[in-house]
Amino acid sequence: MPESKSANPLREGLTNRSLPEPCSIIIFGATGDLTHRKLVPALYNLAAEGALPQAVNVVGFARRDKTDESFRAELGETTRQFSRRQVNEDIWAGFAGSICYHRSAFDDPAGYATLAERLDALDRERGTRGNRLFYLAASPDQFEVILRNLRESGLNRAPGDGWARVIVEKPFGTDLASARDLNALVEASFPESDTYRIDHYLGKETAQNIMVLRFANAIFEQLWNARYIHHVQITASEQIGVEGRAGYYDKAGALRDMIQNHLLQLLCLTAMEPPVGLDADSIRDEKVKVLRALRPLDDAAAHKLVVRAQYGAGAVNGTRVPAYRDEQNVNPESLTETYVAMQVNIDNWRWAGVPFFLRVGKRLAKAATEIAVQFKGAPPVLFNVARQTLTNNVLVIRIQPDEGISLRMSAKVPGAAVRVEPVKMDFHYGTSFGKGTPEAYERLLLDAMSGDATLFARRDEVEEAWRFVDRILDAWSAQDAEGLAMYSAGTWGPTEADDLITRHSATWRRL
Amino acid sequence: MEAAVSVATLDQAGFGIPVEIERIDRDLNKLWEDAGEKKTRASLINLVLYSENLESAFENTSLIADIAGEHACRAILILAKPDAPEAKASAWINAHCRMIGEREICSEQITFVLEGDAAREPAGIVFPHLDSDLPLCLWWQAPLQKPVDARFWAWVDRLIYDSAEWGDSPAGSFAVAREICGLRDGRTVPGDLNWMRVLGTRFALASLFDHALALERIRSLDRVEITHGPRGRMTALLLLGWLAARLDWTLQPMMASPFFSAPDGRQITFALQETDGAHISGCRFVSADREFLLERQPGTTLYEATVSCPSVQEPPRVVHVGSEKTADLLISELSRGGRHTQYLASLQKIAPLI
């Protein structure tokens, strides 16, 4: 990468990643959970590692009445609680000096005018070179007013040679139409090249490792197609319920909350062709091709290939939990799905005839996110005969918890008889690499500060994903309560989901 | 001639269970069988530590315990006594375990004490016990000397050394390291722990110029002063070489007082000052109207960073320099990997001063 005129030459080569540039990070929704639990602890960890340029300001923008000091004190408390590493008070003191609070309502133009003045002053005092990173951590219904005010106040254009970027937290709309509206809204203020749509799943080490596994190891890519792969299962199961998100979740449901973004992103990384380069657009081009190749589901197909369900009362880890409809702030007659299992087909040369099964759910028996690539069986000769049927090879990429990769294969049991049993080669990140994995937000914030959009969703990715999901939503809207299956909390989901996969001579993996 | 090492002393040294060399693999397997399901063996590299000093060999065992927590490895310690009167080879096995979640993850350690002729031909005794197909990182804790045994070094993927330990005349050892690393078309990569030692200082120095107004002055510096500890001259030279490489300065060594020249013809004078304390205890950069200071807070791993100039009104900042404990330097070296192109460029810049 050519050295920019304004780059600090002493920063070059200090880390083996792209360099974050000095900037002011303005967080809208600065008093919210995301800021306290994720964003500021992530920034602190980067500062403690020396990965953050000294000239970085964090400006919290919110309505509540606070001073710089009280804001820093609150953040100090929560960072000590949520940081993945123990807080060093000296380092925190230095980092906290870069934090300030800007009190304003999101719809008050005067607040943006004074923000602009404050940012200009910070540029002068702390040498942040006019670079601004706006983080929309507020609720989505505030995005429009924030973006409009950023545009009208001129804050969407950086002064001088600086840059102005915006990070948009999901959800990116609630359907294709609203996603397009949101994208148009963002685009009216920031060009696509300065827009970073964050999907924190993509910041996880194992998600990043999918491409390394596929394209840095010659053995896998030869087998990565319809000739050798029977089917693929992508699972994101949770033990928790809606927690404090009932208001949002009851309107969204599992399809919008998980499938449209996280699971389709994982599917893209699993199914895409090798990109021509590792730059953001080369990778995102390939992901978009996968989304465009997803076989659209009409009403009949949606009914047949998608199972939606909601949890009833049950027990998770031995503790009784209420039914979804009895959760606080949930409509007692809610038809919102807390579980989705579906079969997806990718109509391209590589994946013709290979079903991808996606499943997500809340209040399931175990929390796990993984991709399982199920290979076809060995020919029915020699060891794979009726007397002793072999289990097929499975390559599992575990996203969380216990990130890692395992490969199931067959091996002879020691002894005079020829008995073949499955064995598992297991790689655990934690075991092999020991050290704490950085939080996804650390990586993603650094990337946004460096101008690297590889791990962020592009506009067309988001819209293609919605185009696919919208058809299912349309099909569901025509159904009544009969279309909603039920499962007991603490189980593996409804029996309808088992039937879905059994039709393909397969079963859901035991997680 | 050196006396043989007492086996009783070694058995007390924490090397683990004494084993016959031909039974090492069998006894290691038995170690894991006895542990049952409770312990998991993990290994990503072969880490070999070669020492000719009994004291360092003892220290290496506790060092490996620290390293294994971050880098699962098969660790092999070699204590070589080439001057011992009789050829003799002894071995011990051990495991270093730490809890990760509910699992106990373990790295193996094999210790060899090689005496006399056995110490002169270590490859035949030690290398059969490497974990196959995993890279070999060898930390050579003795002076690197000629002649270079090409067959021995052909095994090594990463040659680790600490140039701060090479005293006031490290040029000979650097030359040997260069020769070793050139043997296999550059596939043996040098890793100088002294370079890792300056990493935190490099971060801290870089942070001095993050400010836009400070950055304007980075190419008009005209003096550099580095204060180093009694064993820190080479560390200071590496830091100076790095600055020269990053800022495109060229050493003019033939002058009575060597200086660097910048691409615009400017002269940059420098001074290395020895004092008590850390390897690097301070840096001062001066340009016409500004001064950039890093001062180590005594007894800590913190620098106070100050930029003094009329237009930058920042209070001094505290910058964490990172741990400089040997185990942490080694962990850092093993974590970063790569070919250290900046290290090689820095060495080149200060070669006449070594």
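Here are the numbers:
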{"read-out": "Span from the segment B:186-215 Cα centroid across to the segment A:37-58 one, whole angstrom", "value": "19 Å"}
{"read-out": "Segment B:269-354: trypsin sites (Lys or Arg not before Pro) in DSSP loop, at most 16 other beta carbons within 10 Å", "value": "B:325, B:339"}
{"read-out": "Reach of residue A:304 by Cα under 12 Å, taken over aspartates and glutamates that are not fewer than 8 positions away in the same chain", "value": "A:496, A:499"}
{"read-out": "22 Å Cα-Cα reach of residue A:251 towards lysines, excluding residues that sit fewer than 8 places from it in its own chain", "value": "A:170, A:362"}
{"read-out": "222 nm mean residue ellipticity, helices alone, for chain B (DSSP H n ≥ 4; -39,500 (n - 2.57); rounded to 500)", "value": "-8500 deg cm²/dmol"}
{"read-out": "With Cα atoms, 0 to 90° folded angle of helix B:24-35 axis to chain B main axis", "value": "90 degrees"}
{"read-out": "Rounded Å value of the spacing that divides the Cα centres of segment B:33-66 and segment A:129-179", "value": "52 Å"}
{"read-out": "Degrees between helix B:171-181 axis and first principal axis of chain B (Cα, 0 to 90, nearest 10)", "value": "60 degrees"}
{"read-out": "Lysines with Cα under 19 Å of residue A:424, excluding same-chain neighbours fewer than 8 positions away", "value": "A:376, A:412, B:38, B:39"}
{"read-out": "FRET efficiency, residue A:423 to residue A:245 (Cβ-Cβ, R0 45 Å, nearest 0.05)", "value": "0.65"}
{"read-out": "Label-point separation in nm, residue A:279 to residue A:80, each point 7 Å along Cα→Cβ", "value": "4.7 nm"}
{"read-out": "Cα principal axis extents for chain A, largest first, Å", "value": "79, 54, 44"}
{"read-out": "Shape call, the protein assembly as shown: gyration tensor on alpha carbons, a/c limit 1.5", "value": "oblate"}
{"read-out": "Between helix B:199-208 and chain B: long-axis angle, C-alpha atoms, 0 to 90°, nearest 10", "value": "20 degrees"}
{"read-out": "Longest segment of chain B lacking GluC sites (Glu not before Pro) that sit in a DSSP loop with at most 11 other Cβ atoms within 10 Å", "value": "B:103-354"}
{"read-out": "Summed buried accessible area for A+B [probe radius 1.4 Å, Å², rounded to 100]", "value": "2900 Å²"}
{"read-out": "Stokes-Einstein translational diffusion, segment B:130-194 - Kirkwood Rh over all Cα pairs, 1.567 mPa s, 4 °C, in µm²/s", "value": "107 µm²/s"}
{"read-out": "Neighbour net charge for residue A:176 - beta-carbon separation under 13 angstrom, K R +1, D E -1", "value": "-3"}
{"read-out": "Highest-fluctuation residue, B:140, B:32, B:195 considered, GNM on chain B with Cα pairs under 10 Å", "value": "B:32"}
{"read-out": "Cα-based shape type of segment A:46-199, given that a ≥ b ≥ c are square roots of the gyration tensor eigenvalues and the cut on a/c is 1.5", "value": "prolate"}
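The values are calculated or read from the model by the stated rules, or taken from the named source; none is laboratory data. Quick caveat: nothing in here was measured; it's all calculated off a predicted structure. Cβ coordinates were reconstructed from backbone atoms using ideal geometry, including for glycine residues, and neighbour counts include every protein chain displayed. For the accessible areas, the whole protein counts, side chains as well, though only heavy atoms, and no ligand, DNA or RNA atoms are used. Shrake-Rupley method; radii C 1.70, N 1.55, O 1.52, S 1.80 Å.
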